[in-house]
Every structure is written in C-alpha cells, then in structure tokens.
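Quick notes on the structure that follows.
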Amino acid sequence: YYAPLDSGAEGFVAGVLEDIAPDEPRTAVTLAVQGRTLQLTTYGEEVLLTRFAELCEQPLGAADYLAIAERFPFIVLKDVPE
C-alpha cells in the first residue's frame, strides 16, 4: 500500500515488482472466462499488474475475479482512487 498517488507511487510499484518478479518480462495475456476474454498485463507467470479502472470500472463479475485470483498468486493494483 502506498499513498498518496504522487511521483513516489510509480517508484514504489517498480520496487514491489522487482522484489516479487525480478527480471521477468512484461507480457500481455488473455484469460478466458465463461466465453469472454480478459486482456491482462503480467510480469512473468505469477504477477498481474493492472490499474483499478481495468478491474473495477468495467462489467466484470464474480467468475472473472475468481479466475484472476486462481491464475495469479500476486496482483499489483495501481491508481486506486481515494
């Protein structure tokens, strides 16, 4: 958790990613959920990097969130509004 959302926030996120996924490539993945596809950005195989708006400001349901949680042991959520 880091607040406020200022120039230090990006550095903090970069540090977290370096701690949990050092030298892992940033890749785009597609996750299929009940006939829909979610386009997500990952670091390596285990770390999902996403913005609040990408997960919480679109019509996703419980099945989507469960599929994300089952697929990724680590989720880094950026730009969470106050």
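The values are calculated or read from the model by the stated rules, or taken from the named source; none is laboratory data. These figures come from a predicted structure and were not determined experimentally. Glycine also receives a Cβ, built like all others from the backbone with ideal geometry; neighbour counts cover every protein chain displayed. Accessible surface areas use protein heavy atoms only, side chains included; no ligands, DNA or RNA. Shrake-Rupley method; radii C 1.70, N 1.55, O 1.52, S 1.80 Å.
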Using the alpha-carbon atoms, what tilt in degrees (0 to 90, nearest 10) does helix 62-71 show relative to the longest principal axis of the chain? 60 degrees
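Tell me the per residue accessible area of the chain using a 1.4 Å probe; a whole number in Å² is fine. Write out the running numbers ahead of the final one.
Details: 5520 Å² over 82 residues.
Roughly 67 Å² per residue, with all protein chains present.
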The percentage of the accessible area of the chain (probe 1.4 Å, all protein chains present) made up of carbon and sulfur atoms, to the nearest whole number, is 54 percent
Rank Thr37, Ile75, Ala53 by how far each Cα sits towards the positive end of the charge dipole of the chain (+1 on Lys, Arg Cβ; -1 on Asp, Glu Cβ) and give me just the farthest. Thr37
Need one value: the accessible area of Arg26 in square angstrom, 1.4 angstrom probe, rounded to the nearest 10. 150 Å²
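Calculate the dipole size of the chain relative to its Cα centre from +1 charges on Lys and Arg beta carbons and -1 charges on Asp and Glu beta carbons; express the result in debye to the nearest 20. Before the final figure, lay out the partial values.
Numbers: 5 positive and 14 negative charges, 67 e Å.
For the chain, the charge dipole is close to 320 debye.
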Evaluate the distance, in nm, between pseudo-label points positioned 7 Å from the Cα of Ala3 and of Ala69 along their respective Cα→Cβ axes. 2.3 nm
Rounded to two decimals, the Debye log10 I(q)/I(0) of the stretch 3-82 (Cα scatterers, no solvent) at q = 0.22 Å⁻¹ is -1.10
